[in-house]
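The values are calculated or read from the model by the stated rules, or taken from the named source; none is laboratory data. Since the model is a prediction, treat every value here as computed from it, not as a measurement. Cβ coordinates were reconstructed from backbone atoms using ideal geometry, including for glycine residues, and neighbour counts include every protein chain displayed. Protein only, heavy atoms only, side chains kept; ligands, DNA and RNA dropped before computing areas. Shrake-Rupley method; radii C 1.70, N 1.55, O 1.52, S 1.80 Å.
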Amino acid sequence: MNDTKIGTKEAISLVLTIVIAHVILSMPKHLISNIKSSILLNLVFVSLILIGICFIIVKLFKNFPGLDILDISEYLGGKTLKTILGISFISYFIISSSILLREFCEAIKIVYYPMTNIFFVILLFIIAVAITNKLEFSSTLKTNLIIVPFVLVSMAFLFGSNLRNFSFDRIFPILGTGFVNTFIIGIGNIYSF
């Protein structure tokens, strides 16, 4: 196994790829279905909470320079906490990536292959990912580094070309379906970030 480290640019492009896929495929649908017209207010509220959480995390990580979260959990709770946290991360990544793959393949199926069984569309993506990872991981990183700027530019273009369809009248009522949905239930939108 090749023990190649991921560079800063490659890591940023990987994170952007995940965020872009999540923002395009699932986040808007879940936000709109839960809190309706108070999305903007909820996003500001959740963003402020997340900035605070990130500030706390950064402050806490300053006490453990050069360590990742698994190393810190081993320091704080021994092998047991490290194992529990590791299994939690693995479970989260498997579940979230499978949900994201399913939603992405559903979108592909609806647009391009309406008569095809979803199983075959998912299988093709799994085969492609398996072959790509078998070849070499660094080639995937470099390809991703090239593609991400094009995706960002196309997203900005799509957003800009749809600006005429946005209406500020649709943000009213400002609290959407109520205070509880916007601030209490809407706090669950932290997972979107």
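Quick check: from the Cα gyration tensor, does the chain come out rounded (a/c under 1.5), prolate or oblate? All intermediate terms of the calculation are to be shown ahead of the outcome.
Working: a/c = 1.75, a/b = 1.13, b/c = 1.55.
Verdict is oblate for the chain.
Using the heavy atoms of the protein chains and a 1.4 angstrom probe, tell me the accessible area per residue for the chain in square angstrom. Could the numbers behind the result be given before it?
Working: 14330 Å² over 193 residues.
Result: 74 Å² of accessible area for each residue.
Percent of accessible area on the stretch 34-116 owned by carbon and sulfur, 1.4 Å probe? Intermediate results must be reported in sequence, preceding the final value.
Values: 4530 of 6030 Å².
Here it works out to 75 percent.
If you put +1 on each Lys and Arg Cβ and -1 on each Asp and Glu Cβ, how big is the dipole of the stretch 97-193 around its Cα centre, in Debye rounded to 20? Working shown, then result.
On the way: 6 positive and 4 negative charges, 21 e Å.
Here the size comes out at about 100 debye.
When Rg and the Kirkwood Rh are both derived from Cα coordinates, the Rg/Rh ratio for the stretch 78-133 amounts to 1.19.
Between the residues Thr177, Val19, Ile146, the greatest Cα displacement towards the positive end of the dipole of the chain, with unit charges on the Cβ of Lys, Arg, Asp and Glu, is found for Thr177.
Computed about the Cα centre, the dipole magnitude for the chain is approximately 200 debye when only Lys and Arg (+1) and Asp and Glu (-1) carry charge, each at its Cβ.
Annotation: Cα Rg of the stretch 47-95 relative to the compact-globule expectation 2.2 N^0.38 Å equals 1.31.
Got a sec? Charge dipole of the chain, +1 on Cβ for Lys and Arg, -1 for Asp and Glu; which of Ser91, Phe168, Ile108 is way out at the positive end? Of the options given, the answer is Phe168.
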